[in-house]
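The values are calculated or read from the model by the stated rules, or taken from the named source; none is laboratory data. Please read these numbers as outputs of a predicted model, since none were measured by experiment. Here the Cβ is made from the backbone with ideal geometry for all residues, glycine too, and neighbour counts use every protein chain on show. Protein only, heavy atoms only, side chains kept; ligands, DNA and RNA dropped before computing areas. Shrake-Rupley method; radii C 1.70, N 1.55, O 1.52, S 1.80 Å.
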Amino acid sequence: MDEPYIKLDQFLKWVGAADTGGHAKVMVQEGQVQVNGETETRRGRKLRKGDKVQFEKQSWTVDPEQR
């Protein structure tokens with residue numbers, strides 16, 4: 001069985017960091033978002049439970065099952 005995941009752009013919308021999918025896309029493509037301490041430029045990056053996402057001074061720990 002596959003482990004649940006959420007895509008980075010969807011996650012940014014879900015936590016309220018991005019207003020729209022287009023906004024999330026720009027944030028990621030411009031290198032404004034870090035995943036597990038590294039800049040991520042793929043908006044479709046699959047996030048799994050325990051991954052850490054940072055944008056500006058905000059930080060979240062991913063749990064796709066809480067959606």
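Note down all Cβ pairs under 9 Å where the first residue falls in segment 55-67 and is more than 18 Å from residue 23 (Cα to Cα), the second is loosely packed, with under 10 Cβ neighbours inside 10 Å and not polar (S, T, N, Q), and they're at least six residues apart or on different chains.
Every condition considered, the pairs that remain are 61/50; 62/50; 63/50; 64/3.
What single numbered condition from (1) buried (at least 18 other Cβ atoms within 10 Å of the Cβ); (2) modelled with pLDDT under 95 fails to hold for residue 66?
(1)
Exactly one of these conditions fails for residue 19: (1) assigned to a helix (DSSP H, G or I); (2) open to solvent by 40 Å² or more (accessible area, probe 1.4 Å). Give me its number.
(1)
Does residue 4 satisfy the condition of being touching a residue at least 60 places away in the same chain (Cβ under 8 Å), more than 9 Å from the chain's Cα centre (by Cα), open to solvent by 50 Å² or more (accessible area, probe 1.4 Å) and at negative phi?
The answer is yes for residue 4.
Check 57, 52 and return the single one that is in contact with a Ser or Thr (Cβ under 6 Å, 6 or more places away or on another chain) and open to solvent by 40 Å² or more (accessible area, probe 1.4 Å).
After ruling out the rest, the residue left standing is 52.
Within segment 31-49, take every residue that is polar (S, T, N, Q) and within 20 Å of residue 63 (Cβ to Cβ) and give me the one that is surrounded by the fewest Cβ atoms within 10 Å (Cβ to Cβ).
Checked segment 31-49; the qualifying residue surrounded by the fewest Cβ atoms within 10 Å (Cβ to Cβ) is 36.
Surrounded by 13 or more Cβ atoms within 10 Å (Cβ to Cβ) and touching a strand residue (DSSP E or B) at 6+ places or on another chain (Cβ under 7 Å): does that describe residue 28?
Judged against the criteria, residue 28 is not a match.
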